[in-house]
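Step one of this worksheet: look at the structure below.
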Amino acid sequence: MSGLLVVLSEPGPTIPEAEFNDWYDTEHVPDRILLPCFHSWSRWTSTDASPPTHLALYDLDKPESLDDPAHVALIQNPSPREASIMSRIALLDIRAYELHEPVHPPRAGYEVTKPGEYASVAEFDVPAELEDEFNRWYDEEHIPMVTKIPQWARSRRFVLKVVRVLGTEEELVSKYGEGRVAKYLTIHEYTDAHAGETVEFKAALNTPWTKEMLGKVSRFERRVWRFSSSWERS
């Protein structure tokens, strides 16, 4: 699997949270479990108050699986409930990424259907002349140091391929879309919320190389998400 589908969503004032979650958990994700190009499904909620407050992650065969005919058919032929949600939702930010190599193995015993309780999601834009060094820093120093954090479970890196955005809240929608989403994405998973308090975490953020790279990137955004639910193919 080389693809990742990332969906950031904000229900907005016309969709009660209970309605949104019931649709997502009992219809939207279950419909996608049936698609062969989809391999894992998980939902996350933000640990801060900033929208969007919902995150969904789906492992795909490849980024192009977003346009797999069976998936397109689901989108083009929604149920009445899904059509209603889509007409009212404040934001649906859909992104397809390609897995960045080298792939770092997760902690021993890790299960895809039981990810870390918390996910630190970092987005970067990097000047073209800095990309090679940025990737060397991440793969040769940063992730090896992150794996020493006692709560660490898994780290993966991705490169953006596709962005599609819709929604009724124009101010929120205008923040996303092609050209407004960072190229590089990293997801670090941790078993509890205290990873950032450890000596190992602070050491990973305070090396000379880390300070140099973070000082040179053109964009850096980081949010922490809490695991909500996952699904297995029956």
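Summary of computed values
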read-out: Top of Leu74, Leu91, Leu99 by mean-square fluctuation, Gaussian network on the chain, Cα under 10 Å; value: Leu74
read-out: Cα gyration tensor shape for region 177-234, rounded if a/c is under 1.5, else prolate or oblate; value: oblate
read-out: Computed [θ] at 222 nm, helices only, for the chain once each DSSP H run of length n ≥ 4 contributes -39500 (n - 2.57); value: -6000 deg cm²/dmol
read-out: Per-pair calculated FRET efficiency, R0 = 30 Å: Asp192 and Arg233 via Cβ, rounded to 0.05; value: 0.60
read-out: ³J(HN,Hα), Karplus 6.51/-1.76/1.60, whole Hz, each residue of region 190-195, x for Gly, Pro; value: 10, 7, 8, 7, 9, 4
read-out: Theoretical FRET efficiency, 1/(1+(r/R0)^6), r = Cβ-Cβ of Asp31 and Glu221, R0 22 Å, to 0.05; value: 0.10
read-out: Three-way shape call for region 47-155 based on the alpha-carbon gyration tensor, with the a/c threshold at 1.5; value: prolate
read-out: Extended-chain gain in nm, criterion 0.36 nm per residue less alpha-carbon gap, Trp209 and Gln76; value: 43.1 nm
read-out: Cβ-placed point charges (K, R +1; D, E -1), dipole of the chain about Cα centre in debye, nearest 20; value: 280
read-out: Options (1) 63, 44, 28; (2) 55, 38, 33; (3) 54, 40, 37 - which one matches Cα extents along the principal axes in Å as calculated here; value: (2)
read-out: Max mean-square fluctuation residue, GNM over the chain, Cα-Cα springs under 10 Å, options Val165, Val121, Val217; value: Val217
read-out: The chain, relative contact order [Cα under 8 Å, separation at least 6], %; value: 29
read-out: Inter-centroid distance (Cα atoms) of region 203-234 relative to region 1-75, Å; value: 21
read-out: Separation in nanometres of the label points that stand 7 Å from Cα toward Cβ, at Lys114 and Arg164; value: 3.5
read-out: Charge sum, other residues only, whose C-beta stays under 12 Å from His39's C-beta, Lys/Arg counted +1 and Asp/Glu -1; value: 0
read-out: For the chain, built as a Gaussian network whose Cα springs stay under 10 Å, the top-fluctuating residue of Gly179, Gly167, Gly12; value: Gly179
read-out: Extension gain, Glu64 back to His39 (0.36 nm per residue minus Cα-Cα distance, nm); value: 7.6 nm
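Quick note: the coordinates plus some simple rules give every number you see, no bench work behind them. From a predicted model like this one, the values you see are computed outputs, not experimental measurements. Cβ atoms come from the backbone with ideal geometry, glycine included; neighbour counts cover every protein chain shown.
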